[in-house]
1. Using modelled backbone amide H atoms (1.01 Å from N, in-plane), which distant-in-sequence or interchain residues come within less than 5 Å of Val90's amide H?
2. Considering Cα pairs under 8 angstrom that are at least six residues apart, work out the relative contact order of the stretch 114-173 and quote it in whole percent.
3. Compare Ala139, Ala131, Ala11 in a GNM of the chain, Cα atoms joined below 10 Å, and give the one with the largest fluctuation.
4. Given the rule -39500 (n - 2.57) for each run of at least 4 DSSP H residues, summed and divided by the residues of the chain, what is its mean residue ellipticity at 222 nm, to the nearest 500 deg cm²/dmol?
5. Rounded to whole Hz and in sequence order, give me ³J(HN,Hα) for the stretch 18-30 from the Karplus expression 6.51 cos²θ - 1.76 cosθ + 1.60, θ = phi - 60°, writing x for Gly and Pro.
6. Loop only by DSSP, 12 or fewer other Cβ within 10 Å of the Cβ. Give me the trypsin sites (Lys or Arg not before Pro) in the stretch 105-150 that pass, ordered by residue number.
7. Please give the per residue accessible area of the chain, computed with a probe of 1.4 Å over protein heavy atoms only, in Å².
8. Per the 1.4 Å probe, what fraction of the accessible area of the stretch 87-177, in percent, lies on carbon and sulfur atoms?
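The values are calculated or read from the model by the stated rules, or taken from the named source; none is laboratory data. Predicted model, so just to flag it, every value in this text is computed and none were measured. Here the Cβ is made from the backbone with ideal geometry for all residues, glycine too, and neighbour counts use every protein chain on show. Ligands, DNA and RNA are excluded from the accessible area calculation, which covers all protein heavy atoms including side chains. Shrake-Rupley method; radii C 1.70, N 1.55, O 1.52, S 1.80 Å.
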Amino acid sequence: MTRPLVPGLVAEGEADEDFLSAVISRQLRELVRDSPHTVDVEATRVITCDREQRVAALERLAGDCHLIFARDGRARGRADGVRYHSHYLVPVIGLGDTEAWPLADPAVWAGLRGGDLSALPAVPGDVERIAYPRQALAAVAPRRGRPVGDYFEYIGRNIDLAVLARVPGYADWVAETRNALKGLAYL
């Protein structure tokens, strides 16, 4: 018997929408490989909104999703863990500061000709020390007259999850997600 798993994402912009929705689906598929059930991870349902609309977005997703991911603007390294939202008791997992995550894997950027890889840190975990991730992304992206945002979906679909797991904030998010999946009896 196949169990569906529908993730939701409260996104704050195109980087969240394109990059994070792809990474969330891929990481969930990796995590549920250890499941005693056959799990069908569906496409991430995304609502893009500003901070003032966040609660309404959570409510809308809570009716359809098994767990919801939301970026929180807290300081780096301060994971807020799994919370439950609304009468649906849907786990809401804070993503923390995700802006620099696309910069963790130089190999995925090397696959795009014309980029400047010198702005990438030598160690994946060092992306969390980048003061201005948007500037670093602009420096790394190929110069083809396309905005940086055009590359987010490609990076999300192709970034090496094992390399990304060496970023402390990402590793914390994966651990919290694993715990939520255990609580929901997927693992």
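1. His85
2. For the stretch 114-173, the relative contact order is 41 percent.
3. Ala131
4. -9000 deg cm²/dmol
5. Listing the rounded values in order: 7, 6, 5, 4, 5, 5, 4, 4, 5, 5, 4, 4, 5 Hz.
6. On the way: sites: Arg113, Arg129, Arg134, Arg143, Arg144; in loops: Arg113, Arg143, Arg144.
Those that pass, being in a loop and sparsely packed, are Arg113, Arg143, Arg144.
7. 50
8. Working: 2260 of 4310 Å².
For the stretch 87-177, the apolar C and S fraction of the accessible surface comes to 52 percent.
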